[in-house]
1. Of all residues in the stretch B:139-163, count the ones that are within 12 Å of A:Y205 (Cβ to Cβ) and among the aliphatic types (A, V, I, L, M).
2. Tell me which residues, restricted to the stretch A:42-71, are touching a residue at least 12 places away in the same chain (Cβ under 8 Å), closer than 13 Å to A:A32 by Cβ, more than 6 Å from DNA strand C (Cβ to nearest atom) and surrounded by fewer than 16 Cβ atoms within 10 Å (Cβ to Cβ).
3. Name the one entry in A:A27, A:A50, A:A40, A:A32 that is touching a Ser or Thr at 6+ places or on another chain (Cβ under 8 Å), assigned by TED's automatic domain parsing to the domain that holds A:G72 and under 30 Å from B:L154 (Cβ atoms).
4. Quickly run through the stretch B:9-40 and pick out the residues that are away from DNA strand D (no atom under 11 Å from the Cβ) and over 26 Å from A:R16 (Cα atoms).
5. Just give me the residues in the stretch A:41-62 being more than 10 Å from DNA strand D (Cβ to nearest atom) and assigned to a helix (DSSP H, G or I), in sequence order.
6. Exactly one of (1) assigned to a strand (DSSP E or B); (2) of a type outside the set (F, W, Y); (3) touching a Gly at 6+ places or on another chain (Cβ under 9 Å) is unmet by B:D133. Its number?
7. Any residue in the stretch A:161-174 that is more than 13 Å from A:L192 (Cα to Cα) sitting within a Cβ distance under 8 Å of a residue that is surrounded by 15 or more Cβ atoms within 10 Å (Cβ to Cβ)? List the pairs, counting only those 6 or more apart or interchain.
8. Restricting the search to the stretch B:126-177, which residues are of a type in the set (S, T, Y) and under 22 Å from A:L86 (Cβ atoms)?
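The values are calculated or read from the model by the stated rules, or taken from the named source; none is laboratory data. Predicted, not measured: the structure shown is a model, and the values here were computed from it. Cβ: placed from backbone, ideal geometry, glycine included. Neighbour counts: every protein chain shown.
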Number of protein chains: 2
Amino acid sequence: MDHDDDTLVLLAPRARDTYEFIRHFFARHGRAPLLTEIAAGLGIRSKGTAHRYVQALAEAGLIEQRRGRHRGIRLREHTSATTLPLLGRIAAGRPIEAIPDEDCVDLSQFFMGPGRFILRVQGDSMVEAGILDGDMVVVERCETPADGDIVVALIDNEEATLKYLRRNRDGSITLVPANARLAPVTYNAERLRIQGVVVGQLRSYR
Amino acid sequence: MDHDDDTLVLLAPRARDTYEFIRHFFARHGRAPLLTEIAAGLGIRSKGTAHRYVQALAEAGLIEQRRGRHRGIRLREHTSATTLPLLGRIAAGRPIEAIPDEDCVDLSQFFMGPGRFILRVQGDSMVEAGILDGDMVVVERCETPADGDIVVALIDNEEATLKYLRRNRDGSITLVPANARLAPVTYNAERLRIQGVVVGQLRSYR
DNA sequence: ATTGAAAGTTCTCATAAAGTTCTCTATCCT
DNA sequence: AGGATAGAGAACTTTATGAGAACTTTCAAT
């Protein structure tokens, strides 16, 4: 685990570029790139140089080489990395579009932060906001949420609930579920304690 | 750790600044800074001076140096910043329940895996499955998805789309959207190429 | 099987950039 | 005064990177 992280750190910048390119190429084409394709992807003309980077990756243990073979690179996946390639946008009616700008998502950067924790959601009160029963939400402790935030609210120090927050003119607060079958409820500010704001949501299908 | 605190006390103020800068740089860029970047970060012009601080940190045991190498600094205390505490379950009508068993969620273990990538979702075809416009889905390359999986399907090598997969008796395949306003469509197996199965989904509210 | 184009491998060379070591100088503090 | 801390910058060594030549191997068409 740490070993893998270290390995990535050890790579020279261009070697890392090479690794990223190879991963993207695999994800997009389902096969290994040629050295000339790697070179073109890196914007260089020498396949010899590209080969040097490939060797560096092999020594670092990130890939395997079937030496001599055309397209002989094999990815050795390591599970502890925290970045996945962001391949593109999927829409109705279009092939997968490449996204040149943001080409990688770092899960730790995406969700980590001071004072954050995870809650597993039970119930359907937020289904229409795309938060389903069994999902996990990343919550950041926050005393002063903004209007419209999804918050974890403690009512009368007894019930905790996940709802949209709406501040009213008279100082009271309305908790609005995202479910047409449930009604918003208004509380005096004293009865509520906001425990945090939802900053992210995640779900696993496996 | 105590060790670190003790060590930190021994450091000169600017050496401590250097350490902080290096840690931040790692957190933000995922790699070591150059001496000139350290110098710039400290507001000084001499990379020689920056190097002196780096050496002090190495002697204090806070970092390791791969001498001579570009970006050769390695942090000793490797913060595995991919786990968040799983506080409990939030339900309608109950305080937050503590969960004694699984008390931590490792985001990388949650989503990482061989042959996975991320797509940003555009459109509403899967809203009723809790996948909204702008969400990201984690996709695993898989040629033989199971019935009922959410898949990335390429139709006629032209359109990529995100739908539920339903296999029919006659070998044809029906792609079922999770949106009442859209109708399922059935295709001959030859027209479809399944590019992957959705294994996870994530959303950021920030 | 043969064969030739294309791909992989191994080199060397050149150069820009980075790391290392050093000296000189100026503060600040006790 | 003397030591610790700081910054500047010169001089030197090493690394990272790219180009490309020369060679070997693979692969597919014949």
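1. 4
2. Answer for the stretch A:42-71, where residues must be touching a residue at least 12 places away in the same chain (Cβ under 8 Å), closer than 13 Å to A:A32 by Cβ, more than 6 Å from DNA strand C (Cβ to nearest atom) and surrounded by fewer than 16 Cβ atoms within 10 Å (Cβ to Cβ): just A:E64.
3. After ruling out the rest, the residue left standing is A:A50.
4. The answer is none; no residue qualifies.
5. Answer for the stretch A:41-62, where residues must be more than 10 Å from DNA strand D (Cβ to nearest atom) and assigned to a helix (DSSP H, G or I): A:G41, A:V54, A:Q55, A:L57, A:A58, A:E59, A:A60.
6. So the condition that B:D133 fails would be (1).
7. If the second residue must be surrounded by 15 or more Cβ atoms within 10 Å (Cβ to Cβ), the pairs left are A:Y164/A:A129; A:Y164/A:D149; A:Y164/A:I150; A:Y164/A:V151; A:Y164/A:L175; A:Y164/A:V176; A:Y164/A:P177; A:Y164/A:A178.
8. Kept after step one, since they are of a type in the set (S, T, Y), are these residues of the stretch B:126-177: B:144, B:161, B:164, B:172, B:174.
Listed by number, the list holds a single entry, B:T161.
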